[in-house]
Amino acid sequence: MSGVLIDPNPRTFGDGLTVGPIGFGCWRFTQTDNAAAHAVLDTAVDLGMNLVDTADVYGLDWGGTGFGTVEERLGEVLASAPGLRDRIVLATKGGIVPGVPYDSSAAALRSACEASLRRLRVDCIDLYQVHRPDLFTHPSEVATALAALHREGKIRSVGTSNHTPAQHQALASALTEVGIRVATTQVEWSAQRLDPMRDGTFDLAMEEATTVLGWSPLAGGRLTEGVDPSGDQALVDVLDDLADRHGVTRSTIALAFALTPPCRPVILVGTQTPQRLRAATEALGVPLTRTDAYRIIEASEGVPLP
Ligand SMILES: NC(=O)c1ccc[n+]([C@@H]2O[C@H](COP(=O)([O-])OP(=O)(O)OC[C@H]3O[C@@H](n4cnc5c(N)ncnc54)[C@H](OP(=O)(O)O)[C@@H]3O)[C@@H](O)[C@H]2O)c1
């Protein structure tokens with residue numbers, strides 16, 4: 001039977017953190033104007049995008065002015081808006097060190113996390129993620145460092161980001177040894193980037209009941225209307241056809257597709273436009289079927305399914 005695939009209900013992870021199925025990504029949160037930054041964050045939270053995902057490195061590119069500047073801006077907005085902090089699940093990441101480029105040694109993670117707390121002007125980070133695997137730190141050292149930060153009340157839960165399933169599992173096992181259950185795994189995931197469906201990421205998340213956070217669900221804007229598909233014409237044609245049939249935009253179909261897997265991912269949208277944030281929520285109501293989703297997969301992979 002081809003039923004409707006999207007579950008629009010909140011997701012829970014960690015020790016009872018509850019978030020909407022669409023989260024607000026802060027990679028491009030590089031506004032220099034505090035009021036504009038406040039307005040976009042408020043809009044997102046009002047729309048139920050209460051998972052706010054940032055990283056210490058955000059601000060280094062995408063129009064920012066340097067490492068840490070997005071966290072600083074978020075910290076300013078939170079400090080100027082009493083009550084807002086309590087309405088969000090605040091997620092950040094550490095472990096990228098420009099010039100190294102990755103360092104998740106115990107000393108580096110502690111120093112990154114404490115610097116994030118200062119910039120965000122909060123006492124505790126709800127979800128602390130290891131941004132990219134550091135190939136030269138043993139998972140047990142990473143786990144011990146995170147466990148200490150957890151014990152001290154500086155982080156409430158732990159996630160991985162850009163880890164292969166095996167890397168994630170190695171860290172998850174090491175975390176279990178120190179009494180922490182990994183809460184999330186963050187990976188690139190969109191109609192254009194289907195790897196997590198095939199490489200074991202989603203399967204592992206369902207097996208261990210962790211929450212998948214999917215980054216760049218619109219492929220960084222490449223799946224939106226008005227954009228040259230550059231090589232992905234077949235995929236865009238299917239998205240457009242489904243958009244016509246469901247009476248929505250290409251972007252809405254792409255976001256809806258990213259919400260379909262049974263692991264019930266949270267998708268992290270990156271638009272900084274309030275009107276586009278509002279439009280993104282339409283994806284939750286699109287009755288995409290298995291047939292629709294398999295058409296998208298076939299178009300994306302460029303080969304018919306057997
Ligand atoms: N863990 C990691 O390594 C990693 C890496 C990358 C991203 N992320 C996370 O994922 C989040 C989202 O990434 P992303 O910004 O690449 O996501 P995205 O939602 O795939 O792309 C957003 C981009 O598309 C543009 N866009 C154009 N038309 C749009 C439309 N109709 N609707 C919505 N957006 C449209 C937006 O521009 P406007 O702002 O002008 O609307 C924005 O530049 C980041 O903020 C970050 O939290 C994590």
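The values are calculated or read from the model by the stated rules, or taken from the named source; none is laboratory data. Keep in mind that what you see is a predicted model, and the values were worked out from it rather than measured. Cβ placement follows ideal geometry from the backbone for every residue including glycine, while neighbour counts extend to all protein chains displayed. What goes into the accessible areas is simple: the full protein's heavy atoms, side chains included, and nothing from ligands, DNA or RNA. Shrake-Rupley method; radii C 1.70, N 1.55, O 1.52, S 1.80 Å.
Accessible area per residue for the chain in Å², computed with a 1.4 Å probe and the full protein assembly in place, what is it?
42 Å²
Just the number, please: carbon plus sulfur as a percent of the accessible area of the chain, 1.4 Å probe, no ligands or DNA/RNA counted.
53 percent
When the Cα centres of the range 174-221 and the range 98-137 are compared, how far apart do they sit, in Å?
19 Å
Go through the range 197-206 residue by residue and turn each phi into a ³J(HN,Hα) via Karplus (6.51, -1.76, 1.60, θ = phi - 60°); whole Hz please, and just put x for glycine and proline.
So the Karplus estimates, Gly and Pro as x, are 6, 10, 9, x, 4, 5, 4, 5, 4, 6 Hz.
List the relative contact order of the chain as a percent without decimals, with contacts defined as Cα pairs under 8 Å and 6+ residues apart.
Value for the chain: 20 percent.
Just reorder 189, 27, 215, 62 by solvent-accessible area, largest first, 1.4 Å probe, all chains present.
62, 27, 215, 189
As an exercise, identify the GluC sites (Glu not before Pro) in the range 138-199 lying in DSSP coil whose Cβ has no more than 16 other Cβ atoms within 10 Å.
Hits after loop and neighbour filter: 152.
Spelling out what I want: for every residue of the range 260-266, take phi, set θ = phi - 60°, compute 6.51 cos²θ - 1.76 cosθ + 1.60 (Karplus), and round to whole Hz; glycine and proline get x.
Using θ = phi - 60°, the values come out as 7, x, x, 6, 6, x, 9 Hz.
Each residue of the range 134-141 in turn: what ³J(HN,Hα) in whole Hz from Karplus with 6.51, -1.76, 1.60 and θ = phi - 60°, glycine and Pro shown as x?
8, 6, 10, 10, 5, x, 5, 5
Could you grab the relative contact order for the range 79-176? Cα pairs under 8 Å, six or more apart, rounded to a whole percent.
Reported relative contact order: 30 percent.
State the antiparallel share, in %, of DSSP beta bridges confined to the range 89-181, rounding to the nearest 5.
Given both bridge residues lie in the range 89-181, the antiparallel proportion sits at roughly 10 percent.
Quick one: net charge of residue 102's neighbours, Cβ under 15 Å, K/R +1, D/E -1?
Net local charge, residue 102 excluded: -2.
Of 58, 294, 128, 102, which has the most accessible area with a 1.4 Å probe, and how do the rest follow in descending order?
294, 102, 58, 128
What value, in deg cm²/dmol to 500, does the helix sum -39500 (n - 2.57) over DSSP H runs of n ≥ 4 give at 222 nm once divided by the residues of the chain?
-12000 deg cm²/dmol
Once amide H atoms are placed 1.01 Å from N in the peptide plane, what residues at a sequence separation of 5 or more from residue 155, or on another chain, have their amide H within under 5 Å of its amide H?
125, 150
Just how far, in whole angstrom, is the range 232-257 from the range 7-69 if you go by their alpha carbon centroids?
25 Å
How about the range 161-206: which trypsin sites (Lys or Arg not before Pro) there are in a DSSP loop, with at most 16 other Cβ atoms within 10 Å of their Cβ?
181
Just subtract the alpha-carbon distance of residue 207 and residue 276 from 0.36 nm times their residue separation and send over the number in nm, one decimal.
So the chain would gain 21.4 nm between residue 207 and residue 276.
Just add up the charged neighbours of residue 218: K/R +1, D/E -1, any other residue whose Cβ is under 14 Å from the Cβ of residue 218.
Taking every other residue near residue 218 into account, the sum is +1.
Looking only at 67, 202, 257, which one moves most when the chain is put into a Gaussian network model with springs between Cα atoms under 10 Å?
Of the options given, 67 has the highest mean-square fluctuation.
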